[in-house]
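Only one structure is covered here, and it is reproduced in the block below.
The values are calculated or read from the model by the stated rules, or taken from the named source; none is laboratory data. Just so it is clear, the structure is predicted and the values come from calculations on it, not from any experiment. Note: ideal-geometry Cβ built from the backbone for every residue, glycine included; neighbour counts use all protein chains shown. With ligands, DNA and RNA removed, areas are computed over all heavy atoms of the protein, side chains included. Shrake-Rupley method; radii C 1.70, N 1.55, O 1.52, S 1.80 Å.
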Amino acid sequence: MNDQTVQIFLADESATLELGRRIAQIVEPGLLIALHGDLGAGKTTLARGVLRGLGYDGRVKSPTYTLVELYELSRLHLYHFDFYRFNDPRELGDAGFREAFNGNAVCIVEWPERAVDILPAPDLDIRLIEERGGRKVLLAATTEKGKHCLARLPS
């Protein structure tokens, strides 16, 4: 593993929420976070933790059926996408979602591989892998902005 990748073991849901709160401390406008993992791996839970860490205390639901949920927070706007039900990557443009990736908002994308040809490169690429009753998480910085953020991730 190099200095642009961090590996963490999460024993349970509360550990996943706590990692999200830690990530919230490093997010900045324009950040694109890609979340990979099987169904039930904890992607939405991690996104919920980020939102909690940013001060949002309302209901956080998976945007599986709506494709996107927008959270307008005091210091930034956060778009939470879920492309699990995406059939055609052109739907992103057709639905007008491209504007969300404008550099002014934080975008968290579940199932980014379903829209890989149209999404910008993620700044942080996060993989949740079931392991020993918990989750192994691999956080990789794939851009300079991502490297800057990952270097500031609190322990």
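For Arg59 and Lys136, a Förster radius of 22 Å and the Cβ-Cβ distance give a FRET efficiency of 0.20, rounded to the nearest 0.05.
Which shape class applies to the stretch 1-88: rounded if a/c is under 1.5, otherwise prolate when a/b exceeds b/c and oblate if not, where a ≥ b ≥ c are the square roots of the Cα gyration tensor eigenvalues? Note, shape of the stretch 1-88 comes out rounded. Of all the options Lys136, Lys61, Lys145, the one that moves most in a Gaussian network model of the chain with Cα springs shorter than 10 angstrom is Lys61. Residues whose amide H comes within less than 5 Å of that of Ala105, counting only those at least five positions distant or on another chain, are Gly30 (H built at 1.01 Å from N in the peptide plane).
What shape does the chain take by its C-alpha gyration tensor, where a ≥ b ≥ c are the square roots of the eigenvalues and a/c under 1.5 counts as rounded, a/b above b/c as prolate, and the rest as oblate? Rounded, because the longest to shortest axis ratio a/c is under 1.5. Comparing Gly103, Gly30, Gly42 in a Gaussian network model of the chain, where Cα atoms under 10 Å apart are tied by springs, the biggest mean-square fluctuation is seen for Gly103. This model, with +1 at the C-beta of Lys and Arg and -1 at the C-beta of Asp and Glu, gives the stretch 23-155 a dipole about its Cα centre of some 480 debye.
Counting only DSSP beta bridges with both residues in the chain, the antiparallel share comes to about 60 percent. Solvent-accessible surface of the chain, averaged per residue with a 1.4 angstrom probe and all protein chains in place: 50 square angstrom. Put simply, the amide H of Leu73, placed in the peptide plane, has neighbours under 5 Å in Leu78, leaving out anything fewer than 5 places away on its chain.
Carbon-plus-sulfur accessible fraction, the chain (probe radius 1.4 Å, protein heavy atoms only): 46%.
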